[in-house]
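The values are calculated or read from the model by the stated rules, or taken from the named source; none is laboratory data. Quick caveat, the model's predicted, so the values are computed rather than measured. Using ideal geometry, Cβ is built from the backbone for each residue, glycine included, and neighbour counts are taken over all protein chains shown.
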Amino acid sequence: MATLADVEEIARRYLRDFPKFFQSTFNVVGRTYELGQMNIDANSLWVALFNGTTTTELTAGTNYVLDERNGILRLNSLPSGYTTIMVEGYFYEWVTPDDLNFYAQRAVEKHVRNLGVGLEEMSDIIINAIGIATITECLWALMTEYSRDIDVITSESVHIPASQRFRMVQALLMQWEAEYKRHATALNIGIDRVEVFSLRRTARLTNRLVPLYKPKEFGDYSPLERLWPDIDPGIIDREVQEDNLREDVYVDTTPRSGQTTNTYY
């Protein structure tokens, strides 16, 4: 049974964005400290205070707050001046686990919608394609972030091509998009999935849908078999905010009676 964690694992392995260990030590000079790394894995972080004789481990939320994307640690209380802050953990080069979970959910939504089956019912080859779709979601976000990099050229002929990182991610995105389209086309999945529909005609006199029957081969004289396809109500599903509904617009009257006809299909 496939889960969202399987999709994240596939995307992480293809991206080769594995966790890397880091270790930092700080003397107490305030409450906020830069860990020197970005995209910190909050679940693997270990923070402790050492005063020369004893070590006291700190708890996330209770003793400190972590800005995992920027790699900033902020203590809730200021320790004594003779205390050393020790930090150990893992960081990622590109994507944090929370961000990867967000991109994986977006990729799954694009495939579950028109397949009619849940993620746990999909085969391994479809899960692999959804994992590749997660990579494209990640690279799109990274390319948007790196688009703010600007090349620097100084009067001393020093050239810093900061936008090169954007072009490299853009080229990588094109490669993975082509790979995903190859898988999605072969499996007929995703938002570009080819679907076959039967057009329904509405009778002019009764305003009812004309019935559909199962097609048969020429020369097949067996009884006709009626088809009962799902009827689209034509309503876009959206979440209704109950608190915003007005209660002073209800009119207690008898509903209007409509015309009837004996014509039917």
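For the reader, a short list of remarks on this structure follows.
- Pair list, Cβ under 8 Å, 6 or more apart: the range 185-197 residue surrounded by fewer than 11 Cβ atoms within 10 Å (Cβ to Cβ), other residue modelled with pLDDT under 90: GLU195/ASN114
- When restricted to residues that are in a loop (DSSP other than H, G, I, E, B) and touching a helix residue (DSSP H, G or I) at 6+ places or on another chain (Cβ under 8 Å), the range 112-126 contains 2.
- Residue in the range 30-40 that is at pLDDT 90 or above, in contact with an Asp or Glu (Cβ under 8 Å, 6 or more places away or on another chain), surrounded by 15 or more Cβ atoms within 10 Å (Cβ to Cβ) and more than 30 Å from GLU120 (Cα to Cα) present: no
- Members of the range 60-107 that are surrounded by 14 or more Cβ atoms within 10 Å (Cβ to Cβ), part of a loop (DSSP other than H, G, I, E, B) and either in contact (Cβ under 8 Å) with a residue 40 or more places away in the chain or not polar (S, T, N, Q) (or both): GLU68, GLY71, PRO79, THR83, TYR92, TRP94, VAL95, THR96
- All conditions in (1) touching a Lys or Arg at 6+ places or on another chain (Cβ under 7 Å); (2) assigned by TED's automatic domain parsing to the domain that holds HIS111 hold for GLU145, with the sole exception of (1).
- Residue pairs meeting the criteria (Cβ under 7 Å; at least 6 apart or on separate chains; first in contact (Cβ under 8 Å) with a residue 40 or more places away in the chain, in the range 17-30; second part of a loop (DSSP other than H, G, I, E, B) and β-branched (Val, Ile, Thr)): ASP17/VAL95; VAL28/THR83
- Tallying residues that are within 13 Å of ARG200 (Cβ to Cβ) and in contact with a Leu (Cβ under 9 Å, 6 or more places away or on another chain) within the range 210-233 yields 7.
One line per residue, one yes/no per condition, for (1) at pLDDT below 90; (2) closer than 30 Å to ASP149 by Cα; (3) assigned by TED's automatic domain parsing to the domain that holds ILE125:
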{"site": "MET168", "(1), (2), (3)": "no, yes, yes"}
{"site": "GLU179", "(1), (2), (3)": "no, yes, yes"}
{"site": "ARG193", "(1), (2), (3)": "yes, no, no"}
{"site": "LEU224", "(1), (2), (3)": "no, no, no"}
{"site": "ARG238", "(1), (2), (3)": "yes, no, no"}
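- Condition met for LEU172 (touching a Leu at 6+ places or on another chain (Cβ under 8 Å), closer than 17 Å to LEU15 by Cα and surrounded by fewer than 19 Cβ atoms within 10 Å (Cβ to Cβ)): yes
- Residue list for the range 2-36, restricted to those being hydrophobic (A, V, I, L, M, F, W, C), closer than 17 Å to GLN105 by Cα and not in a helix (DSSP H, G or I): ALA2
- Residue match in the range 69-86 (condition: under 28 Å from GLU137 (Cα atoms), touching a helix residue (DSSP H, G or I) at 6+ places or on another chain (Cβ under 6 Å) and aliphatic (A, V, I, L, M)): no
- Residue within the range 169-181 that is basic (Lys, Arg) and not in a loop (DSSP other than H, G, I, E, B) present: yes
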